[in-house]
Amino acid sequence: MGDQVLSAESLSVRGRSATVRKLFDGLMPVLVGVGVFVAVAFLVSLLLYVFSVGIGRLSPTLITNYPSANPQEAGMRSAILGSFFTVGLSALICIPLSIATAIYLTEYAGGKWWSQVLRYNIANLAGVPSIVFGVVGLGFLVYGLGLGRSVIAGAFTLAILTLPYVTVTCVEAIRTVPDDQRFGAYALGATTFEVVRYVVLPRALPMMLTGGILGISRALGEAAPILVISGLLFIREDPTSPLSEFTVMPLQLYNWISRPQLAFQQLAAAGIIVLLAMLLALNALAIYLRQRYYRRLEAG
């Protein structure tokens, strides 16, 4: 009799849990759909507001003129060039180092304990707030190495900031290469370098380049670490060397937005449109390169 009561209770509990699961399965798509709708609606409304405010201020002078106290003459030439110098130099540092680190962790270190430690630390660094990298760059590069508030200090800081993200992407790209292709190359007498050069890299490179370009996009929009490194919001000269003082587009936008005049608010909105256009161009370049390399692999 007791066994029958326990069996009935267990069946009742299972029935209730099944009902809860069905209810949860039915509500989950609705909740996800509502969340996506709210996020997209907020993003679209924000973009529409920025375009409505700034579209009238878009002109060639916004790109060719230097910052000015007169909003009708102000531009962001020095900030654009500073962003190109800083982000471009950081890409030259970050992308090759990330690819080399990923190749070492996956193809040479194998399952050794220090490779696991490196992987965990790199993954954790990808989640560190960007302001922390700025403080480290200020203490080590600006004051420790004596580089000053220069382009090279900002570039190294952005490179360190994007290095974990790009490295994780490169590791995942290498893992997508099938092992049977590696084993086939080793069976034919290829060395580890030859396997990496002729088997792994050609197949992983499209995703690696995509990750690198997306890392550059993130660096282009960063303001906090550059604010710590540079601290310069009003510069009327072009950077001419890695030791030049500099500013970047997010800092110039912050300078305009912080002013109460409506003309500067409109100028900031126009600058945001320029920055968004550059980010979209970088993302389009990443997609183009990925598709081109994939087509070349399929054709070869």
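The values are calculated or read from the model by the stated rules, or taken from the named source; none is laboratory data. The structure presented is a predicted model; accordingly, all values stated were derived computationally and were not measured. When we count neighbours, we look across all protein chains shown, and the Cβ atoms used for this are built from the backbone with ideal geometry, even at glycine.
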Inset, instruction - Tell me, yes or no, whether the range 194-205 has at least one residue that is in the same structural domain as Ile103 (by TED's automatic domain parsing), of a type in the set (Lys, Arg), at pLDDT below 85 and under 26 Å from the mean Cα position of the chain (by Cα). - result: no
Inset, instruction - Could you tell me which of the residues Val53, Val128, Val132 is part of a helix (DSSP H, G or I), among the hydrophobic types (A, V, I, L, M, F, W, C) and either within 26 Å of Gly212 (Cα to Cα) or touching a Pro at 6+ places or on another chain (Cβ under 7 Å) (or both)? - result: Val132
Inset, instruction - Could you grab me the full set of residues in the range 236-256 that are of a type in the set (A, V, I, L, M, F, W, C) and touching a Pro at 6+ places or on another chain (Cβ under 7 Å)? - result: Phe246
Inset, instruction - Determine which single condition Ser45 fails, assuming it passes every other condition in (1) loosely packed, with under 11 Cβ neighbours inside 10 Å; (2) touching a residue at least 24 places away in the same chain (Cβ under 8 Å); (3) among the polar types (S, T, N, Q). - result: (2)
Inset, instruction - Just name the residue that is farthest from Gln181 (Cα to Cα) out of those in the range 98-119 that are of a type in the set (D, E, K, R) and in a helix (DSSP H, G or I). - result: Arg119
Legend entry - Meets criteria (surrounded by 15 or more Cβ atoms within 10 Å (Cβ to Cβ), among the hydrophobic types (A, V, I, L, M, F, W, C), assigned to a helix (DSSP H, G or I) and assigned by TED's automatic domain parsing to the domain that holds Pro96) for Leu138: yes
Inset, instruction - Considering only the range 107-140, state which residues are within 10 Å of Thr157 (Cα to Cα) and polar (S, T, N, Q). - result: Ser130
